[in-house]
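Worksheet: one structure, shown below.
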Amino acid sequence: DLAQQAKEKLNKGEETNKDTFGKSECGKIRTMDLKFNNSRKYISITVPSKTQTMSPHIKSIDDIVVLGINLSRFNKLTQFFICVAGVFVFYLIYGYLQELIFSVEGFKPYGWYLTLVQFAFYSIFGLIELQLIQDKRRRIPGKTYMIIAFLTVGTMGLSNTSLGYLNYPTQVIFKCCKLIPVMLGGVFIQGKRYNVADVSAAVCMSLGLIWFTLADSTIAPNFNLTGVILISLALCADAVIGNVQEKAMKLHNASNSEMVLYSYSIGFVYILLGLTCTSGLGPAVTFCSKNLMRTYGYAFLFSLTGYFGISFVLALIKNFGALLAVTVTTGRKAMTIVLSFIFFAKPFTFQYIWSGLLVVLGIFLNVYSKNMDKIKLPSIYDLINKTVEVKKSRTLAQTV
């Protein structure tokens, strides 16, 4: 009995020890939990709004600011008329001044120097605009800017120089046909396949260009095949530069002012080195110093109107889409050709009109191929049905 009582006491002691040990362990765990809960840091995750997720260069997704004017306070119709007026006014003045500069006697050999001055003004305008935004960091790598600057030099330099050999309307007609080198590059470089509308557009543009050029060669006294080669090379560079610029700006989230500043300033260095190496800088500076207002004055206004014009084009694209923007700019180019014949004496033939209409048809087919879901043209079957219905209604009216 004594032995059993002793065992029971030992068992009770062990149980009490286990209970006290368990209680102490639970107490420790509870105190650790309290300490952990007290020291725990809570992280709050907030979803940013649309304006916060946008580029720092754009204040609001609905804000459309052109030349410091916020167009968002106007209704859509007023915004459209302001953008169209800006495109027509600035680009018509731009085209007039460009032809006016080359009408100065003795200036035609200095197209590259005009491009140098234009690049200098564009760099200054881009620097001023860049100072007005908050984020002034360069986002696109320097190597990319060197490629973009080279293509920009090719586009604008060759285009300006071609005016020394071509009539201004011929140059504008060639500029309308950027689709041709784009399609050729897509076929031979990327192996793309195009639909019937795209091919028809390219054929119409090509035939219109050939017809316009043949008409120009027969009646223009100063026609030179060199101008055709120069403007064709400018078109090829222009077809490439748009894709490179768009890819770089989307990839690195860069602003328009940054793109303008660095691409044109680097391009300025390219042209300056080229003119210095070819000894073309000295004669151009000497000639322009004798005609300051008619060269540098016109070049300043020429650059300023071009810089302002592109701002309204970008606003038009952002607010109303590329389809309407292409329609407006095509109308502007047609008006530029008409004003060129009005303000500057040059020979005229009706072949200009027919070939120009053929190019316009090609532009329409190009726009239609990109916006088939928005533009629905009636099929041949629908047209036949409509004509049959009209004939039936006429016969019924006659019988009644």
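The values are calculated or read from the model by the stated rules, or taken from the named source; none is laboratory data. The shown structure was predicted, so the numbers you read here are calculated from the model rather than taken from an experiment. Using ideal geometry, Cβ is built from the backbone for each residue, glycine included, and neighbour counts are taken over all protein chains shown.
The residue pairs whose first member lies in region 58-80 and is outside any strand (DSSP E or B), whose second member is modelled with pLDDT under 65 and surrounded by fewer than 12 Cβ atoms within 10 Å (Cβ to Cβ), and whose beta carbons are closer than 7 Å, counting only pairs six or more residues apart or on different chains, are 61/50; 72/62.
The set of residues in region 184-210 being exposed (fewer than 12 other Cβ atoms within 10 Å of the Cβ), at pLDDT 75 or above and aliphatic (A, V, I, L, M) consists of 196 alone. On inspection, residue 120 qualifies as surrounded by fewer than 22 Cβ atoms within 10 Å (Cβ to Cβ), small (Gly, Ala, Ser) and in a helix (DSSP H, G or I). Considering region 170-197, and only residues there that are β-branched (Val, Ile, Thr) and in a helix (DSSP H, G or I), the residue that is nearest to residue 336 (Cα to Cα) turns out to be 172. Can you find a residue that is in contact (Cβ under 8 Å) with a residue 40 or more places away in the chain, under 19 Å from residue 112 (Cβ atoms), in contact with a helix residue (DSSP H, G or I) (Cβ under 7 Å, 6 or more places away or on another chain) and of a type in the set (A, V, I, L, M) anywhere in region 214-229? Taking every residue of region 214-229 in turn, at least one turns out to be in contact (Cβ under 8 Å) with a residue 40 or more places away in the chain, under 19 Å from residue 112 (Cβ atoms), in contact with a helix residue (DSSP H, G or I) (Cβ under 7 Å, 6 or more places away or on another chain) and of a type in the set (A, V, I, L, M).
When residues in region 236-255 are screened for being of a type outside the set (Gly, Ala, Ser) and touching a Pro at 6+ places or on another chain (Cβ under 6 Å), 1 of them pass.
Of the listed requirements (1) at pLDDT 80 or above; (2) under 23 Å from the mean Cα position of the chain (by Cα); (3) surrounded by fewer than 21 Cβ atoms within 10 Å (Cβ to Cβ), residue 318 misses just one: (1).
State yes or no: is residue 236 at pLDDT 90 or above and either on the phi < 0 side of the Ramachandran plot or among the hydrophobic types (A, V, I, L, M, F, W, C) (or both)? Judged against the criteria, residue 236 is not a match.
Hey, any hits in region 207-218 for a residue that's under 23 Å from the mean Cα position of the chain (by Cα) and part of a helix (DSSP H, G or I)? No: region 207-218 contains no residue that is under 23 Å from the mean Cα position of the chain (by Cα) and part of a helix (DSSP H, G or I). Applying the criterion of at least 3 residues that are within 26 Å of residue 139 (Cβ to Cβ) and within 20 Å of the chain's Cα centre (by Cα) to the helices (runs of 4 or more DSSP H) found wholly in region 220-305 leaves 225-252, 256-277. Which residues, taken from region 140-163, are assigned to a loop (DSSP other than H, G, I, E, B) and buried (at least 18 other Cβ atoms within 10 Å of the Cβ)? Within region 140-163, 140, 163 meet the criteria.
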